[in-house]
Amino acid sequence: KAASRQLEKRLAIKERPIDSDRAGMLLALAYPDRIGKKREGAIGRFLLANGRGARLEEQHSLASEEYIVAASLDGGDREARVYLAAPVDESELERDFADEIEEVESVEWDDTIKGVAARRQRRLWSLVLSEARLTELPEEKVVKAFLEGIRKSGLGVLPWDRAAEGLRERINFLSRVSGLTGVEFPSLTDERLLESLEGWLAPFVAGMTRLEHLKRLDLRAALTSTLDRERQKALERLAPSHIGVPTGSRIQIDYGGERPSLSVRLQEMFGLAKTPSVAGGKVALVVQLLSPAGRPVQVTDDLAGFWARSYELVKKEMKGRYPRHHWPDNPMEAEPTRRAKKKGE
């Protein structure tokens, strides 16, 4: 105090009472980077103007203040501990830092609402003084933010159904066998799809702002867009989704395994010696022959060999279980069928 009086005398300053209410603003002018705003719903937790976090003990008298200025704090990496601080009023910040306050429009992904949030904010460096929701959203920025949300959430948020999964498996199969077919196809791995969302998904999510809106996404069409017209035609030719069998049935091909496969009732394949194939005849299908109950009785990629060497054993085992179904002695000359025997046959 004696030093204070000596300084007052030297500078010819008249002693007067100190206005403690101005302490916060004085600190703010001295240390603007230490102005802190209380984090929402967190007593004693503050975000400083320099972007760092800071904390006061919850029982501290300033822990619930909306704004403080830290006079003394440690160098904590994630969150600095505040030892000495003073409150400051927002109106004072508005007045004395008017030239530093900027108005910013932000369109960002918000994990809390699982959607895009568009706001107009008044900012003092890292601190948001006030914000209002934007009603007119710039489409390009919304799509960009929405795709970023999908990227963060992962491809699992997309409405995968069997048609979309099957299409992706067909494209990936042709990517693996491009050396055999001579036609290059993209590899639709999770990593590549997430990296290229702007290219293949963006046109299909226009108008969407929340993850729940993805329910109306035509994912199959979006995946198809990864191929040009020539490759779309090649896809149908080299990796069809279904294939015809001797009865005329169209059976779906499963491209999800190491090799594409076909599950079909044995009786529908009578008379067929050549194993069905894809990739322009370069890859034989793995044929899973089913009993009348739909259970596998044989798996083969050599139908001719099955009829010649294994059918007789299968017939002996199955004929007793399914006497109303056809088990001819010569399957290569028998009529393929989807039906059981009529009564009296």
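Let a ≥ b ≥ c be the square roots of the eigenvalues of the Cα gyration tensor of the stretch 69-166; is it rounded (a/c under 1.5), or, if not, prolate (a/b larger than b/c) or oblate?
Note, shape of the stretch 69-166 comes out oblate.
Would you mind computing, in nm to one decimal, how far apart the modelled labels at ALA163 and ASP190 are, each placed 7 Å from Cα along Cα→Cβ?
2.5
Sticking with the crude label model, points 7 Å out along Cα→Cβ, report the distance from ALA98 to SER126 in nm, one decimal please.
2.8
Longer than 23 Å from Cα to Cα, which of LYS319/LYS342; LYS114/LYS141; LYS37/LYS152 are they? Say none if no pair is.
Cα-Cα > 23 Å for LYS37/LYS152; rest within.
Scan around GLN298 for amide H atoms under 5 Å from its own, H built in the peptide plane at 1.01 Å from N, and keep only partners 5 or more places away or cross-chain.
The answer is LEU289.
May I ask you to derive the FRET efficiency for ARG324 and GLU58 from their Cβ-Cβ distance with R0 = 51 Å, giving the value to the nearest 0.05?
The formula returns an efficiency of 0.05 here.
Please work out the C-alpha center-to-center distance from the stretch 247-320 to the stretch 91-156 and express it in whole Å.
58
With each pseudo-label sitting 7 Å past Cα toward Cβ, what's the TYR31-HIS213 distance in nm, one decimal?
The modelled label-to-label distance comes out at 4.5 nm.
Go through the stretch 213-263 and name the GluC sites (Glu not before Pro) that are in a DSSP coil and have 13 or fewer other Cβ atoms within 10 Å of their Cβ.
Here the sparse-neighbourhood loop sites are GLU258.
Debye sum, Cα scatterers, the stretch 251-321, no solvent: what log₁₀ I/I(0) at q = 0.20, 0.25 1/Å?
-0.82, -1.21
Just one of [x] 5, 17, 15, 14, 12, 10, 9, 8, 6, 3, 1, 1, 0; [y] 5, 21, 26, 20, 15, 9, 3, 0; [z] 5, 22, 30, 26, 13, 4, 0 is P(r) over Cα pairs in 10 Å bins from 0, in percent as worked out from the coordinates here. Which one is it?
Label of the calculated value: [x].
Taking the Cα of VAL299, stepping 7 Å toward and past its beta carbon, and measuring to each backbone N in the stretch 273-287: which are under 11 Å?
Of the residues in the stretch 273-287, 286-287 have backbone N under 11 Å from the label point off VAL299.
Taking the Cβ of TRP109 as the center, what net charge do the other residues with Cβ under 13 Å away carry, scoring Lys and Arg +1 and Asp and Glu -1?
Local charge sum for TRP109: +3.
Can you work out ³J(HN,Hα) from phi for every residue in the stretch 322-332, in order, using Karplus 6.51 cos²θ - 1.76 cosθ + 1.60 and θ = phi - 60°, giving whole Hz and x for Gly and Pro?
10, x, 7, 10, 7, 9, x, 6, 10, x, 6
Work out the charge dipole of the stretch 34-85 with +1 on the Cβ of Lys and Arg and -1 on the Cβ of Asp and Glu about the Cα centre, then indicate which of LEU47, VAL82, ALA71 is farthest towards its positive end.
Value computed over the given set: LEU47.
Only counting other Cβ atoms within 10 Å, I'd like TYR255, TYR83 sorted with the fewest neighbours first.
Ranking TYR255, TYR83 by Cβ neighbours within 10 Å, fewest first, gives TYR83, TYR255.
If the cut-off is 21 Å between C-alpha atoms, which lysines fall inside it for LYS9, apart from same-chain ones fewer than 8 positions away?
Once the sequence-local lysines are set aside, what remains near LYS9 is LYS1.
With both partners inside the chain, how many of the DSSP beta bridges are antiparallel, as a percent to the nearest 5?
85
Roughly how big is the stretch 157-238's charge dipole about its Cα centre, with Cβ charges of +1 (Lys, Arg) and -1 (Asp, Glu), in debye to the nearest 20?
That gives a dipole near 280 debye.
Just list whichever of LYS233/LYS282; LYS274/LYS316; LYS38/LYS144; LYS144/LYS233 have alpha carbons separated by over 20 Å in the model shown.
Violating the 20 Å limit, Cα to Cα: LYS274/LYS316; LYS38/LYS144; LYS144/LYS233.
Using the Cα centre of the stretch 180-306 as the reference point, and only Cβ charges (+1 on K/R, -1 on D/E), how large is the resulting charge dipole? Debye, rounded to the nearest 20.
With only Lys, Arg, Asp and Glu charged at Cβ, the dipole is about 440 debye.
Report the percentage of all Cα-Cα pairs in the stretch 210-266 whose separation exceeds 13 Å, rounded to a whole percent.
72
Given a Förster distance of 51 angstrom, what is the FRET efficiency for HIS242 paired with GLU105, based on the Cβ-Cβ distance and rounded to 0.05?
Once rounded, the FRET efficiency stands at 0.50.
For the chain, take the longest principal axis of its alpha carbons; what is the angle in degrees between that and the long axis of helix 311-321, to the nearest 10 within 0 to 90?
It works out to around 80 degrees.
Here, each number is a calculation from the coordinates, and none is a lab measurement. Fair warning: this is a prediction, and the values are worked out from it, not measured in the lab. A quick note on method: Cβ atoms are made from the backbone with ideal geometry, for glycine too, and the neighbour counts reach across all protein chains shown.
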